[in-house]
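The values are calculated or read from the model by the stated rules, or taken from the named source; none is laboratory data. Predicted model, so just to flag it, every value in this text is computed and none were measured. Using ideal geometry, Cβ is built from the backbone for each residue, glycine included, and neighbour counts are taken over all protein chains shown. When the accessible area is computed, the model is the full protein with side chains, heavy atoms only, and any ligands, DNA or RNA have been set aside. Shrake-Rupley method; radii C 1.70, N 1.55, O 1.52, S 1.80 Å.
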Amino acid sequence: MTKNRKPIGLHLLEGNKNRLTKEEIQQRQSHEESMKADTDKVIPPSRLTKAQKEKFVVLSGQLMELGIFDNLDVDTLAMYIETYDNYIRVNRSAKSMTAKQLKEDFKDYAQRMRTASQLAAVCRQLAGDLGLTITSRLKLVIPENEEKGDSPMAKFLKSRGNDG
């Protein structure tokens, strides 16, 4: 099984361990830029309920601010929201069962909890794919929108004529 290819920005942040040449870095950067999709059609799918559409707008807005969401991710986010709502619904129905109902029909309770567990696993996977968890965001290279101030070490290296 091969490792996933890292974005060139992350590769460079880690110190260019493979010693890519400037030409190879430029090729990968231009390739990554050509692979980005637009964000002009990021609208909630019609299959979502009103509440789900509101959640879609909030989450997609936050992800677009980070620069990690585009038109190609719309259906994945919609699936995440639908799955999450189904998880909440199943979990509530399982927890609402009384002790008497549990004694009479434990198989029904067990089936609901199994379904909730499966839905939670799907939610975690989709959240990771979309960058909705802290660990998945840490693995992503977020495009820089503005130049930030140089660190003291970077200033020192630049003053010596060494960019890195």
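Structural remarks
- Ordered by solvent-accessible area of protein heavy atoms (1.4 Å probe), largest first, the residues D105, D129 come out as D129, D105.
- Average accessible area per residue (Å²) across the stretch 101-141 - probe 1.4 Å, nucleic acids and ligands excluded: 72
- Within the accessible surface of the stretch 25-115, defined with a 1.4 Å probe on protein heavy atoms only, the carbon and sulfur portion equals 53 percent.
- Residue order by solvent-accessible surface for F106, F69, F156 is F106, F156, F69, largest first, with ligands and nucleic acids left out and a 1.4 Å probe.
- Per residue, the accessible area of the stretch 15-96 comes to 69 Å², computed with a 1.4 Å probe over protein heavy atoms only.
- By a 1.4 Å probe calculation restricted to protein chains, Y87 has an accessible surface near 60 Å², given to the nearest 10.
- K107 paired with T49, simple spin-label distance in nm, labels 7 Å along Cα-to-beta-carbon: 3.0
- Solvent-accessible area of S117, all protein chains in place: 70 Å² (probe radius 1.4 Å, heavy atoms, ligands and nucleic acids excluded).
- By a 1.4 Å probe calculation restricted to protein chains, E23 has an accessible surface near 130 Å², given to the nearest 10.
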